[in-house]
Every structure is written in C-alpha cells, then in structure tokens.
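Q: Here it is: the structure, laid out below.
The values are calculated or read from the model by the stated rules, or taken from the named source; none is laboratory data. All of these numbers come straight from a predicted model, not from anything done at the bench. Quick reminder, even Gly has a Cβ in these numbers, built from the backbone with ideal geometry, and neighbours come from all protein chains shown.
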Amino acid sequence: MTGICTGRVAAVTGAGRGLGRAHALALAAEGAAVVVNDLGVTADGAGASGGPAQQVVEEIRAHGGQAVAHTGDITTDDGARSLVTTALDTFGRLDALVNNAGFLRDRMLVNLAEEDWDAVMRVHLKGHFLPLKHAAAHWRAEAKAGRTPDARVINTSSGAGLLGSVGQGNYSAAKAGILGLTLVAAAELGRYGIQVNALAPAARTRMTEQTFADTMAAPTDGDFDAMAPENVSPLVVWLASADSAGVTGRVFEAEGGRITVMEGWRPGPTADKGARWTPSEAGETTRKLLTESEPARPVYGA
Ligand SMILES: NC(=O)c1ccc[n+]([C@@H]2O[C@H](COP(=O)([O-])OP(=O)(O)OC[C@H]3O[C@@H](n4cnc5c(N)ncnc54)[C@H](O)[C@@H]3O)[C@@H](O)[C@H]2O)c1
C-alpha cells in the first residue's frame, strides 16, 4: 500500500481496540508497517490477552498491509524496550511512536483508592514515558551515527487533562502530566530529528460508550458517524508522516470532522509591586487581576 507513510514504520500502543486500532489501520493504509501493541486488558486494566493485537495484525494483513503484534506491557521497562526492538528486528527501522494505551478507574476523589490512583498514573503517564524514552534513545543513537531521523511521537492526552473532569482526578492528573511531558520531550529531542505532539481525542470506544451513551450512538441512516474513532486517525497519520515537518510541541483536539489547535497556559493580567506584598495587598491585587482575566473554562461534569 502506498501513501504519506510509505516506507515508514510506526508503533502504536493499545492498538488492539478503539482509537489505537483505528490509528494502526489508518497508518497501514497510508503505507506504514505497524507494530500493533496491546496487552489485552479489561476496561479497568485487569487480565491480559494477546487476542486483540493479533486480530488487528490480521486485519492489516488482509488489506495488504504489513504488521506485527507486540503483546507486552508498555508500563514496564522490558515491555517498552521490546516494543522498539520488535520494530527494529521485524522491519529494520522505527519512524513513529503513537502512545495511546490506557484505561480508567473513575471515582470521586474522597473515594479514590491509592491503588486506583497508582494504576491510572502508571498506565497513562509511565506508559507514555517508557516507550518515548526507548524510542528516543534509539533515534538519538541514529542521529549521532549521522543518520538523523524524521522521527515522530504522538502522545494521547484528553479533554480531562486540558480542563479537568469530575470523578476522574487520577485520569485528569495523568493526562495533564502527558501534556507537560510532551512539551519537554519536544524541546529536548528536536535536535535529534524527533518531533513530539499530543492529541486530545474524543470518540466512541468501550472507554466512553457509557459516559456519552446519549450523544454517541452510530447513525443508522448512512450519515457521517461523528463519534467513530476512525475520524481521529487522519491527524495522527499526518503527524506520524514526514509531511508534518516543523510541527512539534503542539496539542490538538480531534473529534468527528474537527481539528483544533489548543492554546495553553499563557500569562494573563499581571501586577508587579517591585517589592514583597503583604498578604492583604496580595489578595486585593489578585482580586483586581481576576476581574480583568478571562473566566476559567468549566471542568467537564461540573
Ligand atoms: N475514547 C475517547 O473519547 C477518548 C477521549 C480522550 C482520551 N482518550 C484516550 O485515548 C486512548 C485510547 O482509548 P480508547 O478510548 O481507544 O480505549 P480502549 O479501551 O478501546 O483501548 C485502550 C487499549 O489499551 C490497551 N492497554 C491498556 N493497558 C495497556 C498496557 N499496559 N499495555 C498495552 N496495552 C494496554 C487495552 O487493552 C485496550 O485495547 C487512551 O489513552 C484514552 O485515555 C480516549
């Protein structure tokens, strides 16, 4: 198959279902050979199965594409390292990493168990860091050997990470952390030919089918299915391709037919006394600045 990713190799984590599956199929349709990673866990992260990853590999091959399954846990050093070596051993190179794997353990903060905090931080935040680290180490070695790559990393954040989401304190914190990680990675790795961007998608998958049951049903009349995960993938494919040269350290929302560049924290109204404030002065000044500032965006579910 030929397209904007012809000759490139992409690894997609959590690609056995939902958005990751759609990204893997779309990358393959544009010519990429794909490492389809998935641990095959339940919607809250339990168990393990090689079935989902293998099924997507077979779908890609049935369409004439190239793919290999990787069923390791990307939250472990071994799993993340072997994701990269699977690409190198099977296809001889790695050009793009799509960090996407994850699951939810939603609770209100006062009911959120330490274990559910740790599991969600681990799968999303550490599950982004470790594959990024091992892929970047490979690409840095390539650059130092005089073969500077056209490498791409696409991280998966969420509206919950951008604005916060009631009942998802663990998930919102992890997804906001991914935004910080993206900015640092883009700044550190640009010199090695590596671009790093993040995405906040929205789509109907097993993760969201209950949350958005009322608005997310697939149309039955052949109309545009705005909540299909496949709608998010074209932006991922472009960001993974060499065509996205020069785009790094950015965050995009993608849903249905809409792509939005997200504009992050920026200095708003400011005051400088040139000396230390008293607490009362600090309060008075802060209240005045707040009246001049943009109102905060509502938190999801508030
Ligand atoms: N669906 C949405 O509307 C939405 C919105 C915002 C963000 N996201 C994010 O998009 C990503 C994909 O979510 P989805 O909706 O497709 O969910 P999904 O449950 O359909 O797919 C996630 C996949 O990740 C895999 N996975 C989980 N832990 C893993 C691990 N340790 N190693 C390897 N694979 C693992 C699961 O087995 C599963 O197949 C997630 O990061 C999610 O937080 C989704």
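Residue-by-condition table, conditions (1) in contact with a strand residue (DSSP E or B) (Cβ under 6 Å, 6 or more places away or on another chain); (2) at pLDDT 95 or above:
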| residue | (1), (2) |
| --- | --- |
| THR2 | no, no |
| ARG8 | no, yes |
| GLY14 | no, yes |
| SER49 | no, yes |
| THR71 | no, yes |
| LEU83 | yes, yes |
| PHE91 | yes, yes |
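Q: Taking the stretch 1-22 only, how many residues are in a strand (DSSP E or B), within 14 Å of the chain's Cα centre (by Cα) and more than 16 Å from PRO234 (Cβ to Cβ)?
A: Residues flagged as in a strand (DSSP E or B), within 14 Å of the chain's Cα centre (by Cα) and more than 16 Å from PRO234 (Cβ to Cβ) within the stretch 1-22 amount to 1.
Q: For the stretch 33-40, does any single residue satisfy the condition of being surrounded by fewer than 24 Cβ atoms within 10 Å (Cβ to Cβ), under 25 Å from ALA228 (Cα atoms) and of a type in the set (Asp, Glu)?
A: Taking every residue of the stretch 33-40 in turn, none turns out to be surrounded by fewer than 24 Cβ atoms within 10 Å (Cβ to Cβ), under 25 Å from ALA228 (Cα atoms) and of a type in the set (Asp, Glu).
Q: Look through the stretch 97-138, keep the residues that are in a loop (DSSP other than H, G, I, E, B) and more than 9 Å from the ligand (Cβ to nearest atom), and return whichever of them is farthest from SER82 (Cα to Cα).
A: Going residue by residue through the stretch 97-138, those that are in a loop (DSSP other than H, G, I, E, B) are 99-106, 108, 112-113.
Pick out the ones that are also more than 9 Å from the ligand (Cβ to nearest atom) and you get 105-106, 108, 112-113.
Values: ARG105: 27, ASP106: 30, MET108: 36, LEU112: 33, ALA113: 31 Å.
Looking at the filtered set, the residue picked out is MET108.
Q: Which ones in the stretch 60-85 are within 13 Å of the ligand (Cβ to nearest atom), outside any loop (DSSP other than H, G, I, E, B) and within 24 Å of ASN197 (Cβ to Cβ)? If you could, list the steps in order and put the result at the bottom.
A: To start, the set of residues in the stretch 60-85 that are within 13 Å of the ligand (Cβ to nearest atom) comprises 69-80, 82-83.
Imposing the further condition that a residue be outside any loop (DSSP other than H, G, I, E, B) reduces the set to 69-70, 77-80, 82-83.
Once the filter is applied, which keeps residues that are within 13 Å of the ligand (Cβ to nearest atom), outside any loop (DSSP other than H, G, I, E, B) and within 24 Å of ASN197 (Cβ to Cβ), the stretch 60-85 yields HIS70, GLY79, ALA80, LEU83.
Q: May I pose another question? Which of (1) over 22 Å from the mean Cα position of the chain (by Cα); (2) free of Cβ contacts under 8 Å to residues at least 40 places away in the same chain is the odd one out, the single condition ASP73 does not satisfy?
A: (1)
Q: Just the residues that are polar (S, T, N, Q), in a loop (DSSP other than H, G, I, E, B) and either touching a strand residue (DSSP E or B) at 6+ places or on another chain (Cβ under 8 Å) or touching a residue at least 24 places away in the same chain (Cβ under 8 Å) (or both), please, taken from the stretch 260-302. Spell out how you get there, then give the answer.
A: Within the stretch 260-302, the subset polar (S, T, N, Q) is 260, 270, 278, 280, 285-286, 291, 293.
This time we only want the ones that are in a loop (DSSP other than H, G, I, E, B), so: 270, 278, 293.
Scanning the stretch 260-302 gives a single hit, SER293.
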